[in-house]
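The values are calculated or read from the model by the stated rules, or taken from the named source; none is laboratory data. Bear in mind that the values here come from a model prediction, so they are computed numbers and not experimental data. Glycine gets a Cβ as well: all are built from the backbone with ideal geometry, and neighbour counts include every protein chain shown. These area figures cover heavy atoms from the full protein model, side chains too; ligands, DNA and RNA do not enter into them. Shrake-Rupley method; radii C 1.70, N 1.55, O 1.52, S 1.80 Å.
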Amino acid sequence: MDCMLTTASFCTIPSAPLQFSSKIPSIQYPIKSYTSRSKSQIRRCYFSAMAVPVNKDLVQSKTPFSDSQSQSASNRKKVMIIGGDGYCGWATVLHLSNKNYQVAIVDNLVRRHIDHQLGIDSLTPIASIHDRIRRWKALTGKTIELYVGDICEFDFLSDAFESFQPESVVHFGEQRSAPYSMIDRSRAVYTQHNNVIGTLNVLFAIKEYSEECHLVKLGTMGEYGTPNIDIEEGYITITHNGRTDKLPYPKQASSFYHLSKVHDSHNIAFSCKAWGIRATDLNQGVVYGVMTDETAMHEELSNKLDYDGVFGTALNRFCVQAAVGHPLTIYGKGGQTRGYLDIRDTVQCVELAIANPADQGEFRVFNQFTEQFSVNDLAELVKKAGAKFGLDVQAVSVPNPRVEAEEHYYNAKHTKLIELGLQPHLLSDSLLDSLLNFAIRYKDRVDTTQIMPNVSWKKIRSKITTLQS
């Protein structure tokens, strides 16, 4: 394997194949099996690794960089990307590396294990994190450092901070699926523990090891819910009984996942006020697309594209459904309206936030999306795009597994990133055609049993739940 280990730490990784279980070996790592296992069957082995080509000169050297590489790296801004192996994270890693930032990935790779648990897979074939990094190095000559471990383990995170010394931290490293958090009690607990404790650890690591470091945290527009008033960017000015104040915008989260993001926002805001940390909360809308300039360079750099009922997002799911001839699954009345953005705009927004950091002690909030659509709007767009490919795309209303308003007012502000220079990739016919063509290309990889939703907000159980195909 083309990587050199730089430090060592521990997280819980099962030595047996990954399955569900009635026993959770570690709250930090939700790997389970159908039968309980003794502690002797579990080995503890998380580590941090620096992925660089291994050659004779490198192995004999005390440092993984040559003198010229070290000098060049010293002039580049150092950005740690937590969750850099994920959908938004991987695209951001390559984008920033291509922009000549010195990038390090921190990831426990748990999402790959969760896919294995649930029996789901990306539409696109995904290379291992080591192969991804090796390929990027071969194509560009740029090195991406890799620290494999769990940020819920503070000793590991401390080692990573001391080793890399980031100037900015981009935090994607959270369980990101609302349906996953609503499967059963154990997933709800895992989601909140992983997300809230992980973010707390990041805040303490910044305070302890890198006080000037700027935290760029991925939030969600789902924190706001669907209020019957305009959604502002993080704060709202209220006049009450003759007095006026600027207050955090009210939160109306709609799942245990969204609630974890609300808790994160409160903890970050408090840390900025108490410790002087600088932070930007990117309340992101629903992301669609799969390709960026960098991921298109080689198949081993491909990003994942989820289409299942647990991790798949609306437009991506609809395009895959259309490609395989499955009716588009509209939840309920289909009037649910949200903010959407292209994956290429996600990486652009993160870069803008890094290049224009918050002030010391400032907690700022950007609403990160470019357009608003209802589910019905998206279905109509996919129908029209499918017709160009000779596809007879149909849509069907299915019982809504979520607890949410299906028809509502929705008008969210999103001007701050535009003011910083965001140049949006709007959902044009050509972009939708490209996404649908991509889905058609890989349609033989689709498991149609994973398309329909099978997680119910109202039927969540306290006992471990096995999802049925």
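A simple rule links phi to the HN-Hα coupling: the Karplus curve 6.51 cos²θ - 1.76 cosθ + 1.60 with θ = phi - 60°, which for region 117-123 gives 4, 7, x, 10, 8, 5, 4 Hz, with x for Gly and Pro.
Think of a 1.4 Å ball rolled over the protein heavy atoms: region 136-209 then has 29 Å² of accessible area per residue. Is region 193-337 best put as rounded, prolate or oblate by its Cα gyration tensor, with a ≥ b ≥ c the root eigenvalues, rounded for a/c under 1.5, and otherwise prolate when a/b is larger than b/c, oblate when not? Here region 193-337 falls in the oblate category. Just the accessible area for Arg112, please: 1.4 Å probe, Å², rounded to the nearest 10? About 80 Å², ignoring ligands and nucleic acids.
In the context of the full set of protein chains, residues of region 245-291 present 40 Å² of accessible surface per residue (probe radius 1.4 Å, heavy atoms only).
How large is the direction-averaged shadow of the alpha-carbon convex hull of region 243-305, in nm²?
7.6
Its alpha carbons considered, region 135-241 gives a radius of gyration followed by a Dmax of 18.0, 64 Å.
Here region 83-212 is treated as a sphere whose radius is the Kirkwood value from Cα pairs; by Stokes-Einstein at 25 °C and 0.890 mPa s it diffuses with a coefficient of 156 µm²/s. When all protein chains stay in place and ligands, DNA and RNA are ignored, the 1.4 Å accessible-area order of Val286, Val403, largest first, is Val403, Val286. Relative to the Cα centre, the charge distribution of region 78-450, modelled as +1 at Lys and Arg Cβ and -1 at Asp and Glu Cβ, gives a dipole magnitude of about 360 debye. Volume of the convex hull of region 78-450 (Cα atoms only), normalised per residue: 135 Å³.
Per atom type, region 78-450 shows carbon and sulfur on 49% of its accessible surface, probed at 1.4 Å. Near Ala395: Cβ cut-off under 9 Å, other residues only, Lys/Arg at +1 and Asp/Glu at -1. The net charge is 0.
Inter-part distance, region 354-387 to region 408-469, computed on C-alpha centroids, equals 12 Å. Ordered by 1.4 Å accessible area with all protein chains kept, Lys207, Lys246 run largest first as Lys246, Lys207.
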